[in-house]
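This report concerns only the one structure given below.
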Amino acid sequence: SHARYFAALAKGTENETIAAELDNLRIAWRHSVAGRNLERVNVLRMVLWPIFEARGWYQAAIELSDDLLGIIVASPDSPDRWQEKLTLMTKRARAMMLLRGYTAEVEDAYADALALVREHGEVPQIFPVLRSLGSLHALRGEFDKGIRYSNEILRLAVVEGDGSMIVDGYSMLGASTGFSGHLETGLGYLD
């Protein structure tokens with residue numbers, strides 16, 4: 001009853017107001033996860049995630065993702081279940097990066113998300129994952145990998161005919177190319 005009450009309260013209350021009930025929301029979360037109540041956990045996640053992110057509680061956000069991914073994996077499959085899983089995987093990877101930096105663990109988390117997208121063909125959801133991986137490698141000074149992901153974005157952008165994706169691809173390609181020692185070529189991509 002407690003979990004049901006706070007899930008209903010979370011559904012109809014603004015995040016600023018509901019934050020005062022954080023302890024009760026966390027209790028409702030744990031109970032709902034233990035009962036594998038996917039619908040209730042999704043409602044609670046929509047309230048808890050923004051609170052955790054706003055407060056910089058990235059470890060708690062990662063734990064939310066892990067709990068929810070565990071329920072999703074154990075639930076009967078549905079046609080759009082992989083997209084829900086992808087969203088959680090990318091949010092989890094982002095939280096890990098904010099908490100732990102540009103580690104191999106973060107790279108693996110994004111690579112797992114990329115593998116999931118590729119299982120379903122080249123769908124629009126691949127772009128943010130490619131961009132995240134390209135940025136991660138560029139920020140780690142692995143410019144050859146950043147260039148590889150930039151080129152993959154550009155190939156996808158041409159297929160999709162997406163001008164903003166082309167801009168992102170060339171921006172990433174220009175930075176990685178320039179920092180890899182080919183400044184003039186990199187500036188050409190940026191231009």
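The values are calculated or read from the model by the stated rules, or taken from the named source; none is laboratory data. In this text, all values refer to a predicted model and were calculated from it rather than measured experimentally. We work out accessible area using only protein heavy atoms, side chains counted, and drop any ligands, DNA or RNA first. Shrake-Rupley method; radii C 1.70, N 1.55, O 1.52, S 1.80 Å.
Worth a mention:
- Here the 3J(HN,Hα) profile of the stretch 163-176, calculated from phi with Karplus coefficients 6.51, -1.76 and 1.60 at θ = phi - 60°, is x, 5, 5, 4, 4, 4, x, 5, 4, 5, 5, x, 5, 5 Hz, Gly and Pro shown as x.
- Note on the stretch 1-144: Rg/Rh from Cα positions, Kirkwood definition for Rh, rounded to two decimals, is 1.01.
- Helix-only mean residue ellipticity at 222 nm for the chain, each DSSP H run of n ≥ 4 adding -39500 (n - 2.57), per residue, nearest 500: -26000 deg cm²/dmol
- Percentage relative contact order, the stretch 1-103, counting C-alpha pairs under 8 Å, at least six apart: 24 percent
- Against the chain, whose longest principal axis is taken from its Cα atoms, helix 2-11 shows a tilt of about 50°.
- Looking at the chain, the accessible area is 53 square angstrom per residue; that uses a 1.4 Å probe and ignores ligands, DNA and RNA.
- Taking the square roots of five times each eigenvalue of the Cα gyration tensor of the stretch 95-150, the equivalent ellipsoid has semi-axes of 19, 14, 8 Å, listed largest first.
- Computed over every Cα-Cα pair of the stretch 130-178 and binned at 5 Å starting from 0, the pair-distance distribution P(r) comes out as 5, 30, 35, 19, 9, 3 percent.
- Between 0 and 90 degrees, the angle of helix 38-55 with respect to the longest Cα principal axis of the chain falls at about 60 degrees.
- Heavy-atom accessible surface of the chain: percent carbon and sulfur, 1.4 Å: 53 percent
- Remark: the stretch 59-191 is approximated by an ellipsoid whose semi-axes, taken from the C-alpha gyration tensor as √(5λ), come to 29, 18, 9 Å, largest first.
- With Cα atoms, 0 to 90° folded angle of helix 126-139 axis to the chain main axis: 70 degrees
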